[in-house]
Amino acid sequence: MKTKNIFFYLILLLVVSTSACVKDPIEPTPVDDAGNYVSKFYSLTNRVANSPTLDTSLKTNFFYDGLKRISNIIDTSKDINSSSISISRSLFFYNGSDSFPNKYNLTSFTPNSNRRDTINSFYFYNVLGKLVIDSTIQSSSTSLSPSFPIYSKTKRIYSYSYAGNKIFRLMLSTPLQTVNTTSSPYSVRDTFTLDSRGNVTEHRSYGFNNRYVIQTYTYGDNPSPFANITGGSLLFLTSNSNVVLAAKNNVLASRVITTLIGSSNPPQVGGFDYTGGYTFNTNGYPKIANSIFPYSPGFRGSEIYFYTTL
């Protein structure tokens, strides 16, 4: 099997899932799974500050092929402000027995509405097996009424370079087609800093709407629930799923997000903290991860993980 040495990490992207909520009939019961490949997880949050009730905000299922490579990811979420259910499916394609995918497809839709989004990406690697180009076409369609369709199609090229413990990414976005909407070209620059274990400790992003975002991460010593996913580092850099791969080797302890918009606006600070919130299974993988939101008093979250053996 050809091995491509690029880092890979998985982190629950609460920025995406905070605005979504799925209500399961029965809250999942944690079990001491003996497996080491994550098969699904639930994200629970309280909708009202200081409420003792946690609701299922996101359910994610992972599927693997015969070579233990990730083949697809299915996310199900529900908007807390409506009865609208959203479903997204990420598919990964490989060239022969390669460990890392050369193609990615995401389709997300809302069954009881007209909204549908698709992403198709092609990945290119250098001779060292590191990702250097991600060529993506993204389309989005919806409608305010049958006579007023809204559609956009955009091309995005991501270029990557590497120096020491840093990864640099440049994204160029170009509108290809619009119907009853407008879109303009823009660019975003990102810098990722890794620790000695391959985990991202800092992510700086600057570009769209003069927005500058700094994300900092700390980690524990136990393995990440996503540590064994082959090709995981690619997902962190490219994923548009509700799950983004970040903690390659170790569980998250905290995440702080600082957003600056323009030079005259005060910074917006958010994030979450898992300190003391983990319960681990017999293999050392987290089965429960409880978190608090230090910058949003009264709000908390919990993730419940299930595993399989491959």
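Every read-out reported here was derived from the displayed coordinates using simple, explicitly stated rules and does not represent laboratory data. Predicted, not measured: the structure shown is a model, and the values here were computed from it. Note: ideal-geometry Cβ built from the backbone for every residue, glycine included; neighbour counts use all protein chains shown.
Greater than 27 Å separation of Cα atoms is the criterion. Which listed pairs, Lys40/Lys78; Lys59/Lys166; Lys130/Lys287; Lys103/Lys153; Lys68/Lys287, meet it? The partial results should precede the final answer.
Numbers: Lys40/Lys78 17 Å; Lys59/Lys166 32 Å; Lys130/Lys287 32 Å; Lys103/Lys153 19 Å; Lys68/Lys287 21 Å.
Long pairs (Cα-Cα over 27 Å): Lys59/Lys166; Lys130/Lys287.
Amide H contacts under 5 Å for Tyr186: Ser173, restricted to partners 5 or more places along the chain or on a different chain, H placed in the peptide plane at 1.01 Å from N. Residue-wise HN-Hα couplings along segment 118-134, as the Karplus relation 6.51 cos²θ - 1.76 cosθ + 1.60 with θ = phi - 60° gives them from phi, are 9, 9, 10, 10, 10, 10, 10, 10, 8, 5, 8, x, 8, 5, 10, 9, 10 Hz; Gly and Pro carry x.
Could you give me the percent of Cα pairs per 5 Å distance bin for segment 150-190, shortest bin first, beginning at zero and ending with the bin that holds the maximum distance? Per 5 Å bin, starting at zero, the Cα-Cα P(r) for segment 150-190 comes out as 6, 21, 23, 16, 12, 10, 6, 4, 2, 0 percent. The length gained on full extension between Phe63 and Lys103, counted as 0.36 nm times the residue separation minus their Cα-Cα distance, comes to 12.8 nm. Test of understanding: what is the full-extension gain from Thr309 to Ser161, defined as 0.36 nm times their sequence separation minus their Cα-Cα distance? That pair, Thr309 and Ser161, stretches by 49.8 nm at full extension.
For Arg47, the amide hydrogen comes within under 5 Å of the amide hydrogens of Asp55, counting only partners 5 or more places away or on other chains and with H modelled in the peptide plane. Between the amide H of Gly271 and those of Ile257, Tyr295, distances stay under 5 Å, these residues lying 5 or more places away or on another chain, with hydrogens modeled in the peptide plane. Between segment 253-310 and segment 111-149, the alpha-carbon centres lie 28 Å apart. Treating r as the C-beta distance of Thr181 and Thr259 and R0 as 30 Å, the FRET efficiency rounds to 0.75. With K and R counted +1 and D and E -1, the other residues having a Cβ less than 13 Å from that of Ile257 yield a net charge of +1.
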